[in-house]
Amino acid sequence: MTRPTVPDRALVELGRTEGTPDTLALLVRDQDTRRLLLLRAVLDAAEAADPALCSPGRKSRLRDDWSLLAEADHPQPPATAHPPGPPADTPQDPRGMSSPGPRAPHPSSGAAHPPGGESRDPRGMSSPGPGAPHPSSGTAHPPAGTPQHPRGMSHSSLGAPHPLPGTVHPPPPPPGGVGLSPARDRLFHPLTGPWALSCLHGLDGRAGPPDEPRSRRLRQDLAHFSAIAAVAAARAGIPFTVRLTAYAGVLTLPSLGSLRTATTGDVPVDVTHREGCLTVRRPGAPDVLVRLESGIGAWSGALAWTPVHALPGLTSAGGPMPLDDVDPYRVAPGPRHRTLGGAATLDDGDGKRWLQAWSGTEAALRTGGAHRVTEAVALLRCLVPLERPPGAEGRDSCSATRHEAFGALLSSTPQDALALAETLVHELHHAKLAALGDLVTLHHADAEARYFAPWKTDPRPYDGLLQGVYSHLALADYFQRRALRTTPPDSEYAWSRHARYRAQVGAALPGLVGSPDLTRRGRRFVDEMTATYERMADQPAPRNHTARAQAYVKAARALWTQRHAPAVPRPKE
């Protein structure tokens, strides 16, 4: 994959902890392209996997799911009939490759499901033939069998994998007033990234023969792709019937909600979509009717259904913001960092507290600069609620971002709008820097932890130091602007936060600037960070706040030195 060029102008903007809409869009398009390539890697890994890992039946199901996604990428206008498909005896591979053999019977036709419990005709209708015009572009697709660029939502046949193209460009932004297709909306959703990485881990044959836990996790991961495709098709208005599986009694339809079955085992579930309504059939239980909400979530009167929460758009022009407490990939598996809480399931009180804080977040962000609203609108796609960390008191909370879940913010319930705004500024700058690091090599430092950072009790590697300084610099800028635009007591609180963050940056910045491991562009980036830090001295915090902040950093350094200095190697000269 060839990286898009990041112009110097964009590098300077980002070094200042800012970013115009064009610069932010560059980061987002690159992350979206990487997501499409990650999905293609999953499909290629499935084809290459030993049958013990991925059976021929599951490979066939992946083709069907991709076919459904491909149709959801360019749904026909509501009043337009689907174009005629190929002859009934020539079903189409989801990437334009013909394959012999009759089509499978539609599950709703009365025919029995084929063996395996997870098979279907993807739509109950024929797909457009090769060369059919794309409804949104008016251009014809290349002939069947031609490998497609990932932007075209086409993919080589699982039976004929091909290498990645030498040059991959970011997906173009949709035309003005036009949103993402339902397929891309699902694939670009932050929590699709952790799912895809889990699939790749499970499909990695180098890990040796799979044990039962790994095999079960992989089965569950691959089955989740069917749910992703079904949601995209439903959002596109495509009628279908699919057979899914509720693992351990739970079926999750990402961005819609989850269904609990009467038993805790693995249960086959038939899902039919017609005209915005899903009918969910479980063995030995009444059907559950689920109606799609506009944008996010789906409503049902059945107690077995739990919808995904949605908050209003951050701005009046924005769409609803998912507050997802049901997606099985919303937090990383395994041990958590000691300062992070686990995944939370919200009750009514939690939902109201989130709504109350979120409702004032735009105003709180804007007092720290209109560009803080701009970056939140551009980068934030999903909120994931966390439990409060053990022993948390007062305004204490926990938050995180995940590189593989670009666009997601994980956070415990915020105390108020200002606390949530502060969390957004902090975490979105981690996301900005991680996305920039995918495009530009900023340094060649190793991963040895040797640097002092006053916000951590343990030594930091150079990359961790860069991440921390960058997010704290953004917070120092945010609170300085807020202090200058508000009146007491708000301005006093903002000055105290600004002084603390700026003092922390000042203590750690020399370690960044003095590194010989910075690249030329990395040096430009860090120099711009330094200039931003120095410009803050033109409008200093009141002396009492500055004195307290400096005393805090001095105490943190003394404690750190006492604990670690003898054992930590000096940074390279």
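The values are calculated or read from the model by the stated rules, or taken from the named source; none is laboratory data. Please read these numbers as outputs of a predicted model, since none were measured by experiment. Cβ coordinates were reconstructed from backbone atoms using ideal geometry, including for glycine residues, and neighbour counts include every protein chain displayed. Side chains included, ligands, DNA and RNA excluded: accessible areas come from the protein's heavy atoms. Shrake-Rupley method; radii C 1.70, N 1.55, O 1.52, S 1.80 Å.
Stokes-Einstein D for the stretch 283-424 at 10 °C, 1.306 mPa s, Kirkwood Rh over Cα pairs, in µm²/s? Write out the running numbers ahead of the final one.
Details: Rh = 16.2 Å.
Rounded, D is 98 µm²/s.
Can you tell me which of 520-533, 231-244 comes out highest on packing, and rank the rest after it, using the mean Cβ neighbours within 10 Å? Display every interim value, and only then the final one.
Values: 520-533: 17.5, 231-244: 22.2.
Ranking the peptides 520-533, 231-244 by packing returns 231-244, 520-533.
Order of 187-194, 436-443 by packing, highest average Cβ count within 10 Å first?
Highest-to-lowest ranking by the protection proxy: 187-194, 436-443.
Give me the one-decimal nm value for the distance between modelled label points at residue 531 and residue 248, 7 Å along each residue's Cα-to-Cβ direction.
Here the modelled spin labels are 5.2 nm apart.
Find how many whole Å separate the alpha carbon centroid of the stretch 336-366 from the alpha carbon centroid of the stretch 420-434.
Result: 15 Å between the Cα centres.
On a full-extension model of 0.36 nm per residue, what is the gain between residue 200 and residue 48, subtracting their alpha-carbon distance, rounded to one decimal in nm?
Answer, rounded to one decimal: 53.6 nm.
Return the distance in nm (one decimal) between the two label points of a simple spin-label model at residue 348 and residue 263, each offset 7 Å from Cα along Cα→Cβ.
3.4 nm
How large is the accessible surface per residue of the stretch 270-377, computed with a 1.4 Å probe and reported in Å² as a whole number?
Numbers: 5390 Å² over 108 residues.
On a per-residue basis, 50 Å².
Cα convex hull of the stretch 438-573: mean projected area in nm², to one decimal?
Numbers: hull surface 34.9 nm².
The orientation-averaged projected area of the Cα hull of the stretch 438-573 comes to 8.7 nm².
Please state the relative contact order of the stretch 456-502 as a whole percent: Cα pairs under 8 Å, 6+ residues apart? List each step's numbers first, then the result.
Values: 31 pairs, mean separation 17.8, N = 47.
RCO, the stretch 456-502: 38 percent.
Report Rg(Cα)/(2.2 N^0.38 Å) for the stretch 466-540, keeping two decimals.
Details: Rg = 13.4 Å, N = 75, 2.2 N^0.38 = 11.3 Å.
In units of the globular-protein estimate, the stretch 466-540 measures up at 1.18.
What length, rounded to one decimal in nm, is gained on full extension from residue 539 through to residue 211, with 0.36 nm per residue of separation minus their alpha-carbon distance? Mind dumping the intermediate values first?
Details: separation 328, 0.36 × 328 = 118.08 nm, distance 6.17 nm.
Contour length minus the Cα-Cα distance gives 111.9 nm.
Based on the mean of other Cβ atoms within 10 Å per residue, sort peptides 317-330, 549-562, 405-418 so the most packed one is first. Present the calculation step by step, with values, prior to reporting the outcome.
Details: 317-330: 20.3, 549-562: 14.6, 405-418: 22.1.
The packing order, highest mean first, is 405-418, 317-330, 549-562.
Just to be sure I understand the model, the point goes 7 Å from the Cα along the line to the Cβ. What's the resulting residue 524 to residue 339 distance in nm?
Placing both labels 7 Å along Cα→Cβ, they lie 3.2 nm apart.
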